[in-house]
Amino acid sequence: MRILIGDDESLIRMDLRDILESEQHEVVGEASNGVEAITMCKELKPDAVLMDVKMPELDGIEAARQIGFNHLAPVVLLTSYSQQDLVTKARESGVYGYLIKPVREEQLTPTLEMARGRFLDDVESRQQMADLEKTLEERKLIQKATGILMDLYKITEDEAYNRIRQLSMKKRDSIASICKLIIQQAASN
């Protein structure tokens with residue numbers, strides 16, 4: 001995996017880099033604060049972000065929230081603290097994992113792999129939702145356009161749909177585009 005590390009302590013970044021590279025991961029960048037982490041995440045498009053909670057300028061939780069909001073990469077937070085309020089804030093920010101320092105090598109790769117897997121599942125779910133919304137919108141257009149043709153030509157729903165379909169093939173345009181044209185034409189008359 002391509003990993004971005006965000007931690008304000010250079011020794012911890014160096015240790016994390018060593019661990020990740022020994023596990024055959026590529027460290028694509030190192031950020032020393034939350035603002036840098038967000039910027040680097042946008043530029044480098046890592047597979048995952050490993051970030052400390054406590055950082056200057058913008059803390060890891062807020063940086064994770066912004067990275068998550070923009071669907072850039074899954075974030076696994078690192079902290080020296082296991083306080084419940086931090087865990088709750090981390091969960092609410094949309095992070096995909098949470099590790100307590102010092103990080104144990106045997107925990108790091110599985111946590112990153114789980115985070116990446118869940119992130120990819122979320123990406124797929126968002127795409128399915130977008131596809132469903134598009135399909136629903138197209139159905140509404142088809143229903144409205146067939147209704148217009150039914151009223152205009154006193155034909156059945158099947159006949160109206162077949163006319164739309166034939167026009168779509170003739171014009172080599174999508175059925176939704178043809179329906180939009182029919183609706184626009186009807187609105188202007």
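The values are calculated or read from the model by the stated rules, or taken from the named source; none is laboratory data. Everything quoted here is computed from the prediction, not taken from an experiment. Reconstructed Cβ throughout: ideal geometry from the backbone, glycine too, with neighbour counts over all protein chains shown. To get the accessible areas, we keep the full protein, side chains included, count just its heavy atoms, and leave off ligands, DNA and RNA. Shrake-Rupley method; radii C 1.70, N 1.55, O 1.52, S 1.80 Å.
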Looking at Ile142, is it under 30 Å from Arg165 (Cβ atoms) and either in contact (Cβ under 8 Å) with a residue 24 or more places away in the chain or of a type in the set (Val, Ile, Thr) (or both)?
-> yes
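Within the stretch 153-189, restricting attention to residues that are part of a loop (DSSP other than H, G, I, E, B) and among the charged types (D, E, K, R), which residue is most open to solvent (accessible area, probe 1.4 Å)?
Taking the stretch 153-189 as the starting set, the residues that turn out to be part of a loop (DSSP other than H, G, I, E, B) are 154-156, 172-174, 189.
If we keep only those that are among the charged types (D, E, K, R) too, we end up with 154, 172-173.
Values: Lys154: 165, Arg172: 216, Asp173: 67 Å².
For the stretch 153-189, the residue satisfying everything is Arg172.
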Considering every residue within the stretch 34-50, establish whether at least one is assigned to a strand (DSSP E or B), farther than 26 Å from Gln84 by Cβ and either within 25 Å of the chain's Cα centre (by Cα) or in contact (Cβ under 8 Å) with a residue 12 or more places away in the chain (or both).
-> no
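Can you pull out the residues in the stretch 66-90 that are in a helix (DSSP H, G or I) and surrounded by 12 or more Cβ atoms within 10 Å (Cβ to Cβ)?
We begin by selecting, within the stretch 66-90, every residue in a helix (DSSP H, G or I); these are 66-69, 84-90.
If the condition is that a residue be in a helix (DSSP H, G or I) and surrounded by 12 or more Cβ atoms within 10 Å (Cβ to Cβ), then Gln66, Ile67, Gly68, Leu86, Val87, Lys89, Ala90 are the ones that fit.
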All conditions in (1) surrounded by 12 or more Cβ atoms within 10 Å (Cβ to Cβ); (2) touching a helix residue (DSSP H, G or I) at 6+ places or on another chain (Cβ under 8 Å) are true of Glu105 except (1)
How do the pairs read when you match residues in the stretch 125-138 that are at negative phi with residues anywhere that are surrounded by 10 or more Cβ atoms within 10 Å (Cβ to Cβ) and in a helix (DSSP H, G or I), using Cβ under 7 Å and keeping only pairs 6 or more apart or on different chains?
-> Glu138/Ala176
Taking the stretch 7-32 and the residues there that are assigned to a strand (DSSP E or B) and of a type in the set (Val, Ile, Thr), the one that is least open to solvent (accessible area, probe 1.4 Å) would be Val27
List the number of the failed condition for Thr109; all other conditions in (1) closer than 27 Å to Arg2 by Cα; (2) without any contact (Cβ under 8 Å) to a residue 40 or more places away in the chain hold.
-> (2)
Counting only residues that are closer than 19 Å to Ile100 by Cβ and either in contact with a Pro (Cβ under 8 Å, 6 or more places away or on another chain) or touching a residue at least 12 places away in the same chain (Cβ under 8 Å) (or both), the stretch 1-14 contains a total of 8
If you go through the stretch 33-46 one residue at a time, do you hit one that is buried (at least 18 other Cβ atoms within 10 Å of the Cβ), over 22 Å from Thr109 (Cβ atoms), in contact with a Ser or Thr (Cβ under 7 Å, 6 or more places away or on another chain) and not small (Gly, Ala, Ser)?
-> no
